[in-house]
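Below: the structure, in C-alpha cells.
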Amino acid sequence: MSEYSLLEFNIDGGIATITLNRPDSANAFNLVLATELNHAANRCMHDPGVRVVVLAARGRLFSAGGDLSVMSEAGDHVDAALKQLTDQLHAAFSTLMRMRAP
C-alpha cells in the first residue's frame, strides 16, 4: 500500500516518478494532493540517489488547477483554505525548481 492517497511515487534507477492520481477530478489540487506533492518533492530533493524527477498524471488531463469544490465547501473560510492550498503548492513547486535533479 502506498504512503500517499492521491499520488503515486516511485524511485527506480535514480529516476523518481511522481504521478498525480485524481483522474476523476481532472487531477485538480485539493489540500491532500498538494501536501503529498510537497512531501514527495522534498523526498526527491533530499535523496542523493535521485538524478531525475518525472512529474506525470493519470487520466486525460494533467491538472485542472485548484479543486473548485473544495473552495466552494470552504464557504466564508475560503481565504484560509486557499492560503493552505497555495502554501503547499508553492513549497512543492519551489522545491522541484531548486533541486539539482532536472
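The values are calculated or read from the model by the stated rules, or taken from the named source; none is laboratory data. This structure is a prediction, so every number in the text was calculated from the model and none was measured. Positions of Cβ are backbone-derived with ideal geometry, glycine not excepted, and every protein chain shown enters the neighbour counts. Just the protein is used for accessible areas: all its heavy atoms, side chains included, with ligands, DNA and RNA removed. Shrake-Rupley method; radii C 1.70, N 1.55, O 1.52, S 1.80 Å.
A Stokes-Einstein calculation at 4 °C with viscosity 1.567 mPa s, built on the Kirkwood radius of segment 13-102 over Cα pairs, returns a diffusion coefficient of 94 µm²/s. Measuring only protein heavy atoms, the 1.4 Å probe finds S69 accessible over about 60 Å². For the chain, a Gaussian network of Cα nodes joined below 10 Å ranks L33, L82, L20 by mean-square fluctuation, and the top entry is L82. Only beta bridges with both residues in the chain are counted; by DSSP, about 45 percent of them are antiparallel.
Helix 78-98 and the longest principal axis of the Cα set of the chain meet at an angle near 20°.
Using heavy atoms of the protein chains and a probe of 1.4 Å, the accessible area assigned to T17 is about 40 Å². For the chain, the longest principal axis of the Cα atoms and the long axis of helix 31-46 meet at an angle of about 20 degrees.
For A57, the residues whose amide H sits under 5 Å from its own are L20, ignoring neighbours fewer than 5 places away on the same chain, with H placed 1.01 Å from N. Its relative contact order, with pairs defined as Cα atoms under 8 Å and 6+ residues apart, puts the chain at 33 percent. Exposure here means at most 15 other Cβ atoms within 10 Å; with trypsin sites (Lys or Arg not before Pro) in a DSSP loop as sites, the longest stretch of the chain lacking them is 1-50.
Determine the shape class of segment 60-102: with a ≥ b ≥ c the square roots of the Cα gyration tensor eigenvalues, call it rounded for a/c under 1.5, and otherwise prolate if a/b is greater than b/c, oblate otherwise. It comes out oblate by the Cα gyration axes. Under a model in which nothing but the beta-carbon of Lys, Arg (+1) and Asp, Glu (-1) is charged, the chain shows a dipole of about 460 debye around its Cα centre.
Length gained on full extension, D47 to Q84, computed as 0.36 nm times the residue gap minus the Cα-Cα distance: 10.7 nm. Within segment 1-37, the GluC sites (Glu not before Pro) that combine a DSSP coil assignment with at most 16 other C-beta atoms in a 10 angstrom radius are E3.
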